[in-house]
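Structure, as structure tokens:
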Amino acid sequence: MDNKCEAVRENYARISAQIAEAAVKSGRQPEDITFMAVTKTVAPELVNCAIDCGISLLGENRVQEYQSKRDAYRPGVPVDFIGTLQTNKVKYLIGNMRLIHSVDRLPLAAEIERIAAKHDMVQDILLEVNIGREESKSGVLPEALPELLAQTAALGHVRVCGLMTIPPPAKDTSFLQAMQELYLKTAETTPMHILSMGMSDDYCEAIACGSNLVRIGSALFGARVYR
Ligand SMILES: *Cc1c(COP(=O)(O)O)cnc(C)c1O
């Protein structure tokens, strides 16, 4: 674990420097960009190494895995949910997640509303957009976003804070740019402040295209080993 922890430390330093550089290049401050550590398949001890480095946000994408690991994490670091979410799992997340990134349909938003109301709280969410129109991916299609926004805006215990996307693998930045345009257009009419875009392979390009939250797994922790 010590060698692995050292590798995480080096990766963290390198990625943080690259994020800072990309931020400044795009006219922002390094602290304007949030660096999320995506923890799927990663041992809790290694997640704690990232926390010791100063990581200030964790990203979980499976409810069960989160539940089995959360008690082993060093406390005090907020957690976001970024994975595909089944409606019947919402009850395990409300009260535990700073932000849910993957809301892409009204029934899911309505269930978040119902459980958040029970907890007497407002749950912050992002709407996930399927910018590459891929059948295999979740996310609302761009043209359906305004309707979903209007529907979720009517919910009293859900607050839409921005948009999230997982673009298709691409050689150029056209999907990232399309997402930037959609975000800017949407933010003109609906106040929002988070564009969650960019993973290990494209975080610098994503920041250049306006992202202010990058979700990084393998570049920080090494290649994932699925069991
Ligand atoms: C796994 C995952 C990431 C991180 O992927 P890497 O390429 O390993 O950085 C980011 N976002 C979501 C939604 C993920 O599921």
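The values are calculated or read from the model by the stated rules, or taken from the named source; none is laboratory data. Just so it is clear, the model here is predicted, and its values are computed rather than measured. As a convention, Cβ positions derive from the backbone with ideal geometry for all residues, glycine included, and neighbour counts pool all protein chains shown. Ligands, DNA and RNA are stripped out before the accessible areas are found, and what is left, the full protein with its side chains, is counted by its heavy atoms. Shrake-Rupley method; radii C 1.70, N 1.55, O 1.52, S 1.80 Å.
Some notes on this structure:
- From the alpha carbon centroid of the stretch 173-195 to that of the stretch 78-98 is 24 Å.
- Partners of LYS118 within straight-line reach, counting lysines whose Cα lies under 24 Å from its Cα and excluding those fewer than 8 residues away in the same chain: LYS89, LYS91.
- Taking 1.567 mPa s as the viscosity and 4 °C as the temperature, the Stokes-Einstein diffusion coefficient of the chain based on its alpha-carbon Kirkwood radius rounds to 72 µm²/s.
- Among the chymotrypsin sites (Phe, Trp or Tyr not before Pro) within the stretch 121-227, those in coil by DSSP and having at most 12 neighbouring Cβ atoms inside 10 Å are TYR226.
- In this structure, the amide hydrogen of GLY59, modeled 1.01 Å from its nitrogen in the peptide plane, lies closer than 5 angstrom to those of ALA37, VAL38, THR39, ASP80, counting only residues at least 5 positions away or on a different chain.
- With protein chains left intact and a 1.4 Å probe, residues in the stretch 2-221 average 47 Å² of accessible area per residue.
- Put simply, when 5-16, 122-133 are sorted by average Cβ atoms within 10 angstrom per residue, most first, you get 122-133, 5-16.
- Aspartates and glutamates with Cα under 13 Å of LYS69, excluding same-chain neighbours fewer than 8 positions away: GLU45, GLU60
- Cross-link partners of LYS25 among aspartates and glutamates, defined as those whose alpha carbon lies under 17 angstrom from its own and excluding same-chain residues fewer than eight positions apart: ASP202, GLU205.
- Given their separation in residues at 0.36 nm each and the Cα-Cα distance between them, TYR92 and GLU10 gain 26.1 nm when the chain is fully extended.
- Residues THR84 and ALA150, FRET efficiency given R0 of 25 Å [Cβ-Cβ distance, rounded to 0.05]: 0.60
- For the chain, modelled as a GNM whose springs connect Cα atoms under 10 angstrom apart, the maximal fluctuation among GLY210, GLY95, GLY76 occurs at GLY76.
- Label-point separation, HIS193 to ARG74 (7 Å along Cα→Cβ), nm: 2.7
- Ligands, DNA and RNA left out, the accessible area of the chain computed with a 1.4 Å probe is 50% carbon and sulfur.
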